[in-house]
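What follows is a set of notes on a single structure, which appears directly below.
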Amino acid sequence: MSWLDQVKWTDSLVPVIAQELGTNQVLMFAFMNREALQLTVQTGHAVYWSRSRGKLWHKGEESGHLQKVHDLRLDCDADVILMTVEQIGGIACHTGRHDCFFQKLENGEWKIDQPVIKNPEEIYKHE
């Protein structure tokens with residue numbers, strides 16, 4: 001059995017947590033299919049499966065904010081991957097923030113507690 005077959009895929013996907021090398025901060029959550037996981041291992045850069053676009057998503061392909069993979073771990077149930085990455089450019093979120101978890105629940109309301117590092121309009125090319 002190959003290492004890919006040891007992953008418990010749900011509807012051909014596995015959840016992936018991207019954690020920042022050094023700080024251990026959770027940068028983002030996404031999904032991978034077999035091809036994305038295999039490409040991630042082969043290239044050393046994060047490749048995800050975009051459910052909304054229905055295609056592979058090479059992290060940073062438009063923004064330049066690549067994730068260089070340092071470590072991949074499979075949880076005890078073999079159904080979640082924890083990936084330690086170096087976040088190139090310091091921006092992981094498409095909103096231009098450091099990470100995707102910038103909304104904190106305070107007194108029954110979601111409050112934004114992180115600044116935008118770079119305006120998404122300057123990061124992404126819109127057609």
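Rule-based calculations on the coordinates, nothing more; no lab input. As the structure is a computational prediction, the values presented were derived from the model and not from experiment. Cβ placement follows ideal geometry from the backbone for every residue including glycine, while neighbour counts extend to all protein chains displayed.
For LEU21 and GLU109, FRET efficiency with R0 = 35 Å and r from the beta-carbon atoms, rounded to 0.05?
Numbers: r = 33 Å, r/R0 = 0.93.
E(calc), rounded to 0.05, equals 0.60.
Using +1 at the C-beta of Lys and Arg and -1 at the C-beta of Asp and Glu, which of LEU37, VAL116, GLN25 has the Cα lying farthest in the positive direction of the dipole of the chain?
With unit charges placed on the Cβ atoms, the residue in question is LEU37.
Using only the Cα atoms of the chain, each taken as one equal point scatterer with no solvent, compute I(q) by the Debye sum, divide by I(0), and report log10 of the ratio at q = 0.23 Å⁻¹.
Each listed q maps to, in turn, -1.40.
Where does the chain land at 222 nm, in deg cm²/dmol rounded to the nearest 500, when only DSSP H runs of n ≥ 4 count, each adding -39500 (n - 2.57), divided by all residues?
For the chain, the value works out to -3000 deg cm²/dmol.
Please work out the ratio of the alpha-carbon Rg of segment 65-122 to 2.2 N^0.38 Å and round it to two decimals.
Dividing the Cα radius of gyration by 2.2 N^0.38 Å gives 1.42.
Full extension from LEU56 to GLU35: what is 0.36 nm times the residue separation minus their Cα-Cα distance, to one decimal in nm?
On the way: separation 21, 0.36 × 21 = 7.56 nm, distance 0.82 nm.
So the extension gain works out to 6.7 nm.
Mind giving me the nanometre distance, one decimal, between the label points for PHE102 and ILE88, set 7 Å out from Cα along Cα→Cβ?
Simple spin-label model gives 2.2 nm for this pair.
Could you run the Debye sum over the Cα atoms of segment 1-49, one equal point scatterer each and no solvent, and tell me log10 of I(q)/I(0) at q = 0.19, 0.25 Å⁻¹, two decimals?
One equal scatterer on each Cα of segment 1-49 leads to -0.65, -0.99.
Calculate the FRET efficiency for MET1 and TYR124 from the Cβ-Cβ distance with a Förster distance of 35 Å, rounded to the nearest 0.05.
Working from the Cβ atoms, E equals 0.30.
Hey, can you grab everything whose amide H is under 5 Å from the amide H of PHE31? Only 5+ residues off in sequence or another chain; H modelled, so Pro and N-termini drop out.
Counting only residues 5 or more places away or on other chains, the set is VAL16, TRP49.
Could you work out the equivalent-ellipsoid semi-axes for segment 14-89, taking the square root of 5 times each eigenvalue of the Cα gyration tensor, largest first, in whole Å? Mind dumping the intermediate values first?
Values: eigenvalues 55, 53, 23 Å².
Gyration-tensor ellipsoid for segment 14-89: 17, 16, 11 Å.
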